[in-house]
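Everything below concerns the one structure shown next.
The values are calculated or read from the model by the stated rules, or taken from the named source; none is laboratory data. Since the model is a prediction, treat every value here as computed from it, not as a measurement. Cβ: placed from backbone, ideal geometry, glycine included. Neighbour counts: every protein chain shown.
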Amino acid sequence: MPSQLGAVTYLVRDYDQAIAWFTRCLGFSLVEDSVLVPATADAPAKRWVLVAPPGAPQTRLLLAQASTPAQQAAVGAQAGGRVMFFLHTDDFARDHAAFLDAGVVFREAPRYEAYGTVAVFEDLYGQPWDLLELAGGGAPKNN
């Protein structure tokens with residue numbers, strides 16, 4: 001059986017805030033939201049929250065609420081300032097316009113590269129992502 005990643009953990013400040021942003025701004029679907037550990041007087045509930053981009057339900061982010069000072073410091077900087085995710089689209093112009101309408105912040109105007117059309121945007125915590133429509137279905141090449 002081939003292997004695949006089931007989910008990638010993504011640290012968030014607040015579950016509900018992150019769910020709202022990913023579903024409203026990027027059009028992701030909420031795949032699951034289950035309580036793993038109920039809230040107590042000393043700690044909020046721990047939840048299993050999965051979101052997936054439209055058209056790719058097997059590609060999931062596990063939204064994990066930061067619970068330690070180190071985790072809280074990493075929110076929005078999980079890739080050290082580099083682009084962490086590459087959100088592929090089959091219609092760059094459509095998704096770029098929809099993201100702008102939803103209030104997504106782009107760091108640059110769309111660029112047309114040999115590998116496709118790309119623009120860097122920020123998620124709700126300032127983490128950079130690429131919105132990318134590949135030319136001819138190929139991957140970017142290292143020169």
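Pick from segment 40-82 the residues that are buried (at least 16 other Cβ atoms within 10 Å of the Cβ) and β-branched (Val, Ile, Thr): which of them is modelled with the lowest pLDDT?
Here the residue is Thr59.
Quick check on Asp130: is it outside any strand (DSSP E or B) and either farther than 18 Å from Arg13 by Cβ or free of Cβ contacts under 8 Å to residues at least 40 places away in the same chain (or both)?
Here the answer is no, as Asp130 does not meet what is asked.
Being touching a Pro at 6+ places or on another chain (Cβ under 7 Å) and modelled with pLDDT of 95 or more: is that true of Gly103 here? Full working, then the answer.
Numbers: touching a Pro at 6+ places or on another chain (Cβ under 7 Å): no; modelled with pLDDT of 95 or more: yes.
The answer is no for Gly103.
Just checking, which of Gly80, Gly103 is in contact with a Lys or Arg (Cβ under 9 Å, 6 or more places away or on another chain) and in a loop (DSSP other than H, G, I, E, B)?
Exactly one residue qualifies, and that residue is Gly103.
Does segment 1-38 hold any residues that are in contact (Cβ under 8 Å) with a residue 24 or more places away in the chain and in a helix (DSSP H, G or I), and which are they?
Tyr15, Gln17, Ala18, Ile19, Trp21, Phe22, Thr23, Arg24, Cys25
Working only within segment 56-77, note down all residues that are in contact with a Ser or Thr (Cβ under 9 Å, 6 or more places away or on another chain) and in a loop (DSSP other than H, G, I, E, B).
Across segment 56-77, the qualifying residue is only Pro57.
Starting from segment 50-61, keep only residues that are within 18 Å of Asp16 (Cβ to Cβ) and in the same structural domain as Thr9 (by TED's automatic domain parsing), then list their pairs with residues that are among the charged types (D, E, K, R) and not in a strand (DSSP E or B) whose Cβ atoms are within a distance under 7 Å, requiring at least 6 positions of separation or different chains.
Note: pairs meeting the criteria are Leu50/Arg60; Val51/Arg60; Ala52/Arg60.
Of the residues Ala139, Ala93, which is modelled with pLDDT under 95 and not assigned by TED's automatic domain parsing to the domain that holds Thr23?
Ala139 is the lone residue from the list that is modelled with pLDDT under 95 and not assigned by TED's automatic domain parsing to the domain that holds Thr23.
Looking at Val31, Val12 in this structure, which one is within 20 Å of Ala79 (Cβ to Cβ), surrounded by 15 or more Cβ atoms within 10 Å (Cβ to Cβ) and of a type in the set (Val, Ile, Thr)?
It is Val12.
Using the structure shown, decide if Arg111 is more than 18 Å from the chain's Cα centre (by Cα), modelled with pLDDT of 95 or more and on the phi < 0 side of the Ramachandran plot.
In short, yes.
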